[in-house]
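What follows is one structure encoded as structure tokens, with my remarks underneath.
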Amino acid sequence: MTFRSFRAIAMTGTMLAMPAFGVAQGAAPRGNDVTIGAHGSQDNYRISTRSSELLQVARGTTIIDVSALPNGIFRIRIGRNSALPEDASWAVTPETRAQHAELRPSDDDTSLGVSTDAGRVSIDRATGAITVRDRNGATILTDVDAPYVAGKTGFRLVKKMTPGLHVFGLGDKMAPLDRRGYVWQNWNTDSYPFQERQDPLYKDIPFFIGFDKGRAYGVFMDNTWRSVFDFGVANPEEMSFGADGGAIDYYVMTGPTPKDVVKQYARLTGVPPLVPRWTFGFQQSRYSYPDDAAIRSIAKRLRHDRIPADVLWFDIDFQDRHRPFTVDTKAFPNFSGLMADLHKQNFKTVVITDLHIAAAPNQGYAPYDKGIASDVFLHNPDGSRFVGPVWPGPALFPDFTDQKAREYWGTLYNEFYVKDAIDGFWNDMNEPSVFIPIKTMPNDVVHRIDEPGFQTRTATHAEMHNVYGMENGRATYEAQIRLKPDQRPFVMMRASYAGGQRYSTTWTGDTTSSWNHMRLATPMLLSLGLSGFAYAGDNLGGFALSPPPDLLTKWLEIGMFNPIAEDHSDKGTRMQEPWVDGKAQEDIRRRYIEDRYKLLPYIYTIAEEASRTGIPMMRPLFLEFPTAAGGQVLDLQNPSEFMWGPDILVAPQVMPDTVDKYKVILPPGSWYDYWTGGLIENMDTAQATGNSGIQTAIVDDPAVAPHMLMVAPQLDTVPVYVRGGSIIPRQPLTQSTSETPKGALQLAVYTAPEMGGDLYTDDGTTFDYRKGGFFRQHFSGRSSGDRVTLTLEAPEGRYKPWWQTIDVTMFGVRTSSTPTINGAQVSKLRYDRAQRRLRFTIPYSSRATTMTVSLDR
């Protein structure tokens with residue numbers, strides 16, 4: 001039975017009998033091995049190599065290779081034919097793979113093993129079954145019977161699954177956040193228009209996080225072939241994952257917290273580079289604005305209605321006959337002039353550059369002529385060039401796994417990026433999408449791998465399909481770096497592989513304008529963030545079909561708390577800009593967009609954190625509160641909730657097309673209403689309901705007990721809360737990120753016994769921050785009895801901020817008279833006893849400033 005046959009069985013939930021494979025599970029025929037001492041036998045695995053960097057064991061034709069990277073990551077490679085596969089990766093750089101943590105021998109009577117400070121890997125001497133334990137000795141991952149199950153060409157790994165395990169990750173899956181109980185495929189697919197639980201979708205990220213009662217681990221299977229992950233379908237007590245072909249090469253991240261796992265994965269596959277600040281402004285798009293006049297009209301209306309905005313997008317209709325890297329000069333007679341005029345109005349521009357090159361010989365189409373001359377297009381097995389129909393008609397496809405093809409691709413941006421001064425590029429259709437029944441190119445199309453760190457060879461599309469879109473985005477990113485070395489690139493791509501976050505932002509693809517798609521956009525974005533793509537968005541309002549007014553309003557409200565906020569709609573649908581549907585709807589939409597711009601100091605701070613650590617901007621609750629309710633997953637109580645950075649909780653309606661009150665879960669600790677600044681009081685202790693994941697037996701402990709509120713849905717409000725102890729930076733309203741705010745920096749202090757917050761900024765455009773051109777400041781404080789202490793630590797970096805003064809607002813201050821403040825020059829002191837709100841202004845200082853607020857109890 002082939003691995004593909006297993007997929008069909010697993011998806012029906014049928015138990016699979018292992019002998020049906022007709023191949024031993026990771027074992028060679030008996031009698032081929034040698035005795036290895038007191039614990040050995042002809043059937044045992046034996047040590048081939050042992051050093052401070054490597055443990056290698058073998059039996060027959062099977063080789064198991066264990067090494068460790070720093071920071072709690074084990075790497076396991078398995079060779080099935082007396083040799084290990086090529087040590088190469090599209091996701092993990094050679095520099096990362098070359099790092100090693102010291103291994104210590106850790107054998108016992110039944111196993112061969114190694115340990116580090118982060119954990120231990122042991123290999124059963126008789127079966128080869130691999131077990132990984134954490135630093136405390138707890139088992140986090142163990143094989144059921146053997147190190148792998150072999151098929152004709154593919155393989156799968158079968159691991160035990162504990163009853164309380166929750167599984168997260170795998171990128172953009174349109175389904176609940178927890179992957180347990182489902183089978184998932186990874187095969188990048190143009191999925192217009194997709195529906196709930198339709199699979200596969202656009203990205204292949206074979207990485208998941210296991211979470212069980214507060215303890216977390218991660219697994220990344222580095223394999224680009226079509227893969228399948230079964231989390232308890234074929235057997236409720238097992239998980240299995242494998243691929244149609246390729247290497248058995250996987251990494252286990254030992255955690256122990258979910259944040260540790262996310263950081264470990266980021267160290268493995270890379271962090272997203274800090275994008276331009278304008279990325280986090282409001283972005284307006286459509287398929288398509290037909291001509292120069294339409295674009296100018298949209299820009300004018302945004303500014304006239306004072307709807308803050310930063311970016312206008314150009315879909316394929318701006319091109320000549322849909323040919324990439326061209327302009328329809330009838331619709332856009334002065335494209336460079338249009339770009340210049342939009343820049344004067346503080347708009348950035350993003351244009352689409354699909355990867356299919358029109359097959360247009362002898363027509364003066366430079367992308368085709370250059371590609372033919374350089375021989376950079378994909379070929380059929382017979383040596384002819386592969387041609388497939390896409391938007392421009394018959395088209396050819398660059399071979400992006402060949403560095404020569406990526407260099408060719410980069411030359412196509414010279415005019416757009418330099419002459420026209422376009423600010424960013426959109427790589428759509430890069431699964432790759434082809435308009436034939438299988439939706440993509442055939443598996444036997446031939447790629448050439450010519451890439452540092454790889455053996456130069458040819459490969460089939462079956463191997464390269466899932467990495468193809470990522471390498472397209474990489475080529476675009478590298479082109480921008482080459483053309484403007486000190487300007488941060490912006491690339492948006494639809495399809496990708498693990499590690500694609502090093503080159504590009506992404507979005508969830510062609511959603512439908514429905515309440516269900518809006519609801520499921522949240523778990524999709526959360527999953528993308530956990531899977532490396534900290535900078536991700538969705539088409540606000542939905543792409544396909546037309547949203548009713550209330551749906552568009554609510555989607556825009558929630559979208560202002562997403563990493564990328566882009567309103568985009570399909571051809572043939574009604575217009576979807578913020579002013580459609582009349583003044584009442586526009587006013588609500590504008591208010592939320594305005595608040596996003598006021599919150600930009602906080603947003604940019606969490607964006608910079610993502611670029612250093614990989615921690616996503618938009619976070620599931622379990623990432624911030626892994627020990628709440630005894631290690632239960634609070635996200636299961638209200639799957640619409642999410643954390644916006646570490647301190648802000650957004651709680652949209654669970655079923656947004658209903659009118660019922662709904663339950664909001666607030667994690668342990670104190671919470672404030674973001675909109676009013678009022679301390680949330682009279683909260684109920686959350687109670688278990690059905691299979692909610694919150695256990696009544698443990699919620700009595702106030703240190704871990706979550707809270708519960710019942711909220712009535714309102715069109716003009718999304719409930720938002722701030723964690724007590726947070727210090728949130730904000731700014732005066734601007735109409736774009738290009739404007740310098742006028743007035744003071746604003747610090748919102750939500751008092752609690754311990755307080756803290758951070759602020760980061762830089763020029764927002766260049767790489768000067770890598771050379772010290774940044775501003776970073778930490779805030780801390782304490783509240784106890786009759787005083788509140790607030791400290792603004794001395795800032796780091798040489799970048800000079802725009803503010804000269806700081807307006808401080810302390811929420812939750814209780815006193816019977818006006819407080820006094822010592823330790824800083826204070827002006828505009830105001831105290832609102834009814835609101836328990838204290839406001840004052842201090843001058844900016846490049847030195848540490850500590851203030852003590854004295855309260856009269």
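The values are calculated or read from the model by the stated rules, or taken from the named source; none is laboratory data. Everything numeric here is computed off the predicted structure, so don't read it as measured data. All Cβ positions, glycine included, derive from the backbone under ideal geometry; neighbour counts span all protein chains shown.
For TYR477, indicate whether it is in contact with a Phe, Trp or Tyr (Cβ under 8 Å, 6 or more places away or on another chain), more than 25 Å from PRO200 (Cα to Cα), in contact (Cβ under 8 Å) with a residue 12 or more places away in the chain and buried (at least 19 other Cβ atoms within 10 Å of the Cβ). Explain how you work it out, then say what you get.
On the way: in contact with a Phe, Trp or Tyr (Cβ under 8 Å, 6 or more places away or on another chain): yes; more than 25 Å from PRO200 (Cα to Cα): yes; in contact (Cβ under 8 Å) with a residue 12 or more places away in the chain: yes; buried (at least 19 other Cβ atoms within 10 Å of the Cβ): yes.
Answer is yes for this residue.
Any idea how many residues of region 118-145 are over 15 Å from VAL252 (Cβ atoms) and touching an Asp or Glu at 6+ places or on another chain (Cβ under 9 Å)?
Summing the residues that are over 15 Å from VAL252 (Cβ atoms) and touching an Asp or Glu at 6+ places or on another chain (Cβ under 9 Å) in region 118-145 gives 6.
If PHE625 meets every condition in (1) surrounded by fewer than 22 Cβ atoms within 10 Å (Cβ to Cβ); (2) over 13 Å from the mean Cα position of the chain (by Cα) apart from one, which number is that one?
Unmet for PHE625, out of (1) surrounded by fewer than 22 Cβ atoms within 10 Å (Cβ to Cβ); (2) over 13 Å from the mean Cα position of the chain (by Cα): (1).
Test TYR602 against the criterion of being assigned to a helix (DSSP H, G or I), out of contact with any strand residue (DSSP E or B) (no Cβ under 9 Å at 6 or more places or on another chain) and crowded, with 21+ Cβ neighbours inside 10 Å, and give yes or no. Walk me through how you get there before you give the answer.
Values: assigned to a helix (DSSP H, G or I): yes; out of contact with any strand residue (DSSP E or B) (no Cβ under 9 Å at 6 or more places or on another chain): no; crowded, with 21+ Cβ neighbours inside 10 Å: yes.
It is false that TYR602 is assigned to a helix (DSSP H, G or I), out of contact with any strand residue (DSSP E or B) (no Cβ under 9 Å at 6 or more places or on another chain) and crowded, with 21+ Cβ neighbours inside 10 Å.
List the residue pairs whose Cβ atoms are under 6 Å apart, where the first residue sits in region 117-145 and is within 15 Å of ILE64 (Cβ to Cβ), the second is acidic (Asp, Glu), and the two are 6 or more positions apart or on different chains.
ALA129/ASP143; ILE130/ASP143
Being surrounded by 23 or more Cβ atoms within 10 Å (Cβ to Cβ), of a type in the set (Ser, Thr, Tyr) and touching a residue at least 24 places away in the same chain (Cβ under 8 Å) narrows it down to one residue among TYR468, TYR413; which is it?
Values: TYR413 fails: surrounded by 23 or more Cβ atoms within 10 Å (Cβ to Cβ).
Going through TYR468, TYR413 in turn, the sole match is TYR468.
So the check is Cβ under 8 Å with 6+ separation or different chains; which pairs have a first residue in region 248-259 that's closer than 22 Å to ARG97 by Cα and a second one that's crowded, with 24+ Cβ neighbours inside 10 Å and acidic (Asp, Glu)?
From region 248-259, the pairs are ASP249/ASP222; TYR250/ASP222; TYR251/ASP222.
Restricting attention to region 624-651, which residues are hydrophobic (A, V, I, L, M, F, W, C) and either out of contact with any strand residue (DSSP E or B) (no Cβ under 7 Å at 6 or more places or on another chain) or assigned to a loop (DSSP other than H, G, I, E, B) (or both)? Reasoning before the result, please.
So the first thing to find is which residues in region 624-651 are hydrophobic (A, V, I, L, M, F, W, C), and the list is 625, 628-629, 633-634, 636, 642-644, 648-651.
Result: PHE625, ALA628, ALA629, VAL633, LEU636, ALA651.
Residues to consider are GLY509, GLY469; find the one that is modelled with pLDDT of 95 or more, assigned to a helix (DSSP H, G or I) and in contact with a Lys or Arg (Cβ under 9 Å, 6 or more places away or on another chain). Break it down into steps so the answer makes sense when it comes.
Numbers: GLY509 fails: assigned to a helix (DSSP H, G or I).
None of the others qualify; the one that does is GLY469.
Output the residues belonging to region 117-126 that are surrounded by fewer than 21 Cβ atoms within 10 Å (Cβ to Cβ) and among the β-branched types (Val, Ile, Thr).
Within region 117-126, none qualify.
Could you please give the count of residues in region 284-302 that are buried (at least 16 other Cβ atoms within 10 Å of the Cβ) and either among the aromatic types (Phe, Trp, Tyr) or not in a loop (DSSP other than H, G, I, E, B) (or both)?
From region 284-302, those buried (at least 16 other Cβ atoms within 10 Å of the Cβ) are 284-289, 291-292, 295-296, 298-299, 302; that's our starting set.
Remaining after also requiring either among the aromatic types (Phe, Trp, Tyr) or not in a loop (DSSP other than H, G, I, E, B) (or both): 284, 287, 289, 292, 295-296, 298-299, 302.
Of the residues in region 284-302, 9 are buried (at least 16 other Cβ atoms within 10 Å of the Cβ) and either among the aromatic types (Phe, Trp, Tyr) or not in a loop (DSSP other than H, G, I, E, B) (or both).
Examine region 530-537 for a residue that is of a type in the set (Gly, Ala, Ser), surrounded by fewer than 23 Cβ atoms within 10 Å (Cβ to Cβ) and not assigned by TED's automatic domain parsing to the domain that holds ARG179, and state whether such a residue exists.
We begin by selecting, within region 530-537, every residue of a type in the set (Gly, Ala, Ser); these are 531-532, 534, 536-537.
After this cut, where a residue has to be surrounded by fewer than 23 Cβ atoms within 10 Å (Cβ to Cβ) as well, the list is none.
The answer is no; no qualifying residue exists.
Got a sec? Which of GLY582, GLY614, GLY572 is on the phi > 0 side of the Ramachandran plot and touching a Phe, Trp or Tyr at 6+ places or on another chain (Cβ under 7 Å)?
On the way: GLY582 fails: touching a Phe, Trp or Tyr at 6+ places or on another chain (Cβ under 7 Å); GLY572 fails: touching a Phe, Trp or Tyr at 6+ places or on another chain (Cβ under 7 Å).
Result: GLY614 is the single residue among GLY582, GLY614, GLY572 that is on the phi > 0 side of the Ramachandran plot and touching a Phe, Trp or Tyr at 6+ places or on another chain (Cβ under 7 Å).
Please verify whether LEU666 is assigned by TED's automatic domain parsing to the domain that holds ALA703, more than 25 Å from ILE564 (Cβ to Cβ), surrounded by 19 or more Cβ atoms within 10 Å (Cβ to Cβ) and not basic (Lys, Arg), treating the condition exactly as stated. Walk me through it before giving the result.
Working: assigned by TED's automatic domain parsing to the domain that holds ALA703: yes; more than 25 Å from ILE564 (Cβ to Cβ): yes; surrounded by 19 or more Cβ atoms within 10 Å (Cβ to Cβ): yes; not basic (Lys, Arg): yes.
Spelling it out, LEU666 is indeed assigned by TED's automatic domain parsing to the domain that holds ALA703, more than 25 Å from ILE564 (Cβ to Cβ), surrounded by 19 or more Cβ atoms within 10 Å (Cβ to Cβ) and not basic (Lys, Arg).
Out of GLY393, GLY410, report the one residue that is small (Gly, Ala, Ser), at pLDDT 95 or above, more than 25 Å from PHE347 (Cβ to Cβ) and more than 26 Å from the chain's Cα centre (by Cα). Show your work before the answer.
Numbers: GLY410 fails: more than 26 Å from the chain's Cα centre (by Cα).
Only one candidate passes the filter, namely GLY393.
Within region 176-201, can you find the residues that are in a loop (DSSP other than H, G, I, E, B) and touching a helix residue (DSSP H, G or I) at 6+ places or on another chain (Cβ under 8 Å)?
Residues of region 176-201 that are in a loop (DSSP other than H, G, I, E, B), as a first pass: 176-182, 187-201.
Result: PRO176, LEU177, ASP178, TRP187, ASN188, GLU196.
Take the residues in region 723-744 that are crowded, with 22+ Cβ neighbours inside 10 Å and of a type in the set (A, V, I, L, M, F, W, C); name whichever of them is nearest to ILE593 (Cα to Cα).
Per the criteria, the residue is ILE728.
A quick yes/no check of all residues on (1) part of a loop (DSSP other than H, G, I, E, B); (2) in the same structural domain as PRO523 (by TED's automatic domain parsing); (3) among the aliphatic types (A, V, I, L, M):
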| position | (1), (2), (3) |
| --- | --- |
| LEU112 | no, no, yes |
| SER115 | no, no, no |
| ILE123 | no, no, yes |
| GLY128 | yes, no, no |
| VAL132 | no, no, yes |
| LEU157 | no, no, yes |
| GLY164 | yes, no, no |
| LYS173 | yes, no, no |
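For region 445-482, which positions are in contact with a Leu (Cβ under 6 Å, 6 or more places away or on another chain) and β-branched (Val, Ile, Thr)?
In the first step, residues of region 445-482 are kept if they are in contact with a Leu (Cβ under 6 Å, 6 or more places away or on another chain); the result is 445, 472.
VAL445 - this is the single residue of region 445-482 that is in contact with a Leu (Cβ under 6 Å, 6 or more places away or on another chain) and β-branched (Val, Ile, Thr).
For LEU634, which of the numbered conditions (1) assigned by TED's automatic domain parsing to the domain that holds LEU552; (2) aliphatic (A, V, I, L, M); (3) crowded, with 22+ Cβ neighbours inside 10 Å fails to hold?
(1)
Output the number of residues of region 789-840 satisfying the condition of being closer than 30 Å to ASP768 by Cβ and assigned to a strand (DSSP E or B).
At the first step, the residues of region 789-840 found to be closer than 30 Å to ASP768 by Cβ are 791-808.
With assigned to a strand (DSSP E or B) added as a condition, the list becomes 791-792, 796, 805-808.
Qualifying residue count for the region: 7.
For region 753-790, enumerate the residues that are of a type in the set (S, T, N, Q) and crowded, with 19+ Cβ neighbours inside 10 Å.
Applying the first criterion (of a type in the set (S, T, N, Q)) to region 753-790 yields 761, 765-766, 777, 780, 783-784, 789.
Once the filter is applied, which keeps residues that are of a type in the set (S, T, N, Q) and crowded, with 19+ Cβ neighbours inside 10 Å, region 753-790 yields THR761, GLN777, SER783.
Test ASP291 against the criterion of being closer than 30 Å to PHE533 by Cβ and not hydrophobic (A, V, I, L, M, F, W, C), and give yes or no. Can you show your working first?
Values: closer than 30 Å to PHE533 by Cβ: no; not hydrophobic (A, V, I, L, M, F, W, C): yes.
For ASP291, the condition - closer than 30 Å to PHE533 by Cβ and not hydrophobic (A, V, I, L, M, F, W, C) - is not met.
Within region 216-249, how many residues are surrounded by 21 or more Cβ atoms within 10 Å (Cβ to Cβ) and not in a loop (DSSP other than H, G, I, E, B)?
Result for region 216-249: 18.
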